[in-house]
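Worksheet: one structure, shown below.
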Amino acid sequence: MELQFEQVAKNYKNKKVLKGISLTMGTGVYGLLGPNGAGKTTMIRILADVLRPSKGRILYNGMDIHAMGDEYRAKIGYLPQDVSFYGDFTGKDYLEYSAALKGMEKSMAGKRLSQRSC
């Protein structure tokens, strides 16, 4: 597995959050370290295809993640640090919600969830 960032940048109006990030990551464990406001969350959201970059692209095994669409998103998971849901939203509720966002049929989601303990 290889993820390649090619000149990935993100701007919000006149504020540059990411400035031309280029790097290649192979199989392994990586961490993003930096002060608040450094762009870590923005970078992860772009990597998870939740947010579009203002410039540049990310390749997964040589293929543009945006062109891959659901095929790419099915290979990754994204759980932000702060998730704002209703107070009674259970772990199972969150998994069902995530499955719906990925376009999974409700019956298939139920089948997959029943195969695991939630």
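Taking the criterion of being touching a strand residue (DSSP E or B) at 6+ places or on another chain (Cβ under 6 Å) and either open to solvent by 60 Å² or more (accessible area, probe 1.4 Å) or assigned to a strand (DSSP E or B) (or both), would at least one residue in region 43-55 satisfy it?
Looking for residues that are touching a strand residue (DSSP E or B) at 6+ places or on another chain (Cβ under 6 Å) and either open to solvent by 60 Å² or more (accessible area, probe 1.4 Å) or assigned to a strand (DSSP E or B) (or both), one finds at least one in region 43-55, hence yes.
Which one of these is at pLDDT 85 or above, assigned to a loop (DSSP other than H, G, I, E, B), loosely packed, with under 14 Cβ neighbours inside 10 Å and of a type in the set (Gly, Ala, Ser): Gly87, Gly31, Gly103, Gly20? Spell out how you get there, then give the answer.
Details: Gly87 fails: at pLDDT 85 or above; Gly103 fails: at pLDDT 85 or above; Gly20 fails: assigned to a loop (DSSP other than H, G, I, E, B).
From the options Gly87, Gly31, Gly103, Gly20, the qualifying one is Gly31.
Among the residues of region 89-103, which ones are of a type outside the set (D, E, K, R) and over 17 Å from the mean Cα position of the chain (by Cα)?
Phe89, Thr90, Gly91, listed by residue number.
Looking at region 1-17 only, could you name the residues that are open to solvent by less than 60 Å² (accessible area, probe 1.4 Å) and within 16 Å of Asp64 (Cα to Cα)?
Residues satisfying the conditions are Leu3, Gln4, Phe5, Glu6, Val8, Ala9.
The values are calculated or read from the model by the stated rules, or taken from the named source; none is laboratory data. In this text, all values refer to a predicted model and were calculated from it rather than measured experimentally. Cβ coordinates were reconstructed from backbone atoms using ideal geometry, including for glycine residues, and neighbour counts include every protein chain displayed. Side chains are part of the model used for accessible areas, which takes the heavy atoms of the whole protein and leaves out ligands, DNA and RNA. Shrake-Rupley method; radii C 1.70, N 1.55, O 1.52, S 1.80 Å.
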